[in-house]
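Okay, so here's the structure we're looking at.
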Amino acid sequence: MEDCKQTLIATSIMEAEFVFCFEGTSRGVWLKSFIFGLRIMDSIYKPLRIYSGNSAAVFMAKNNKSRSRSKHIYIKYLAIRERVKEGKVVIEHISTELMLTDLLANGMPPKNFKDHVARMGIDPMM
């Protein structure tokens, strides 16, 4: 996914992750529709799978509960819950040690770097 600026100021990491989940699901659902429109395949049956390292954001996406501090997020990003409920999107928690994108975003010790590269299936030529 390309970098983009958030148009909303998140007041917590959970809110920032939830906004990312919304952006990711929106683009993923659009991409599935685009591929279907090209008529190169009948349909993509599996739901879009989004991984988040923030368990509070995953909880908020899956459940119909919110705190008063997150009401603005709840209202604005209600679409995530609808997509999860419809089975179009699955949002799961994943530990940060298993997030392959950490390789691209964070500095890490050589051993962790090599483990991430191996899980991505890339030949590191090292």
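Things to note:
- Rounded to the nearest Hz, the phi-derived 3J(HN,Hα) couplings of segment 105-119 under the Karplus curve 6.51 cos²θ - 1.76 cosθ + 1.60 (θ = phi - 60°) are 10, 10, x, 8, x, x, 5, 4, 4, 5, 4, 5, 4, 5, 5, where x marks glycine and proline.
- Restraint check, Lys46/Lys114; Lys88/Lys114; Lys32/Lys85; Lys62/Lys114, Cα-Cα greater than 22 Å: Lys46/Lys114; Lys88/Lys114; Lys62/Lys114
- Taking Cβ atoms as reference points and 12 Å as the exclusive limit, the residues near Ser55 contribute a net charge of -1, counting Lys and Arg as +1 and Asp and Glu as -1.
- Applied to segment 84-96, the Karplus parametrisation 6.51 cos²θ - 1.76 cosθ + 1.60 on θ = phi - 60° returns per-residue 3J(HN,Hα) values of 5, 4, 6, x, 7, 9, 10, 10, 10, 7, 9, 5, 5 Hz, with x for Gly and Pro.
Just so you know, all these numbers are worked out from the coordinates, no wet-lab data involved. The structure displayed is predicted, hence computed values, not measured ones. Ideal geometry is used to build each Cβ from the backbone, glycine not excepted, and the neighbour counts take in all protein chains shown.
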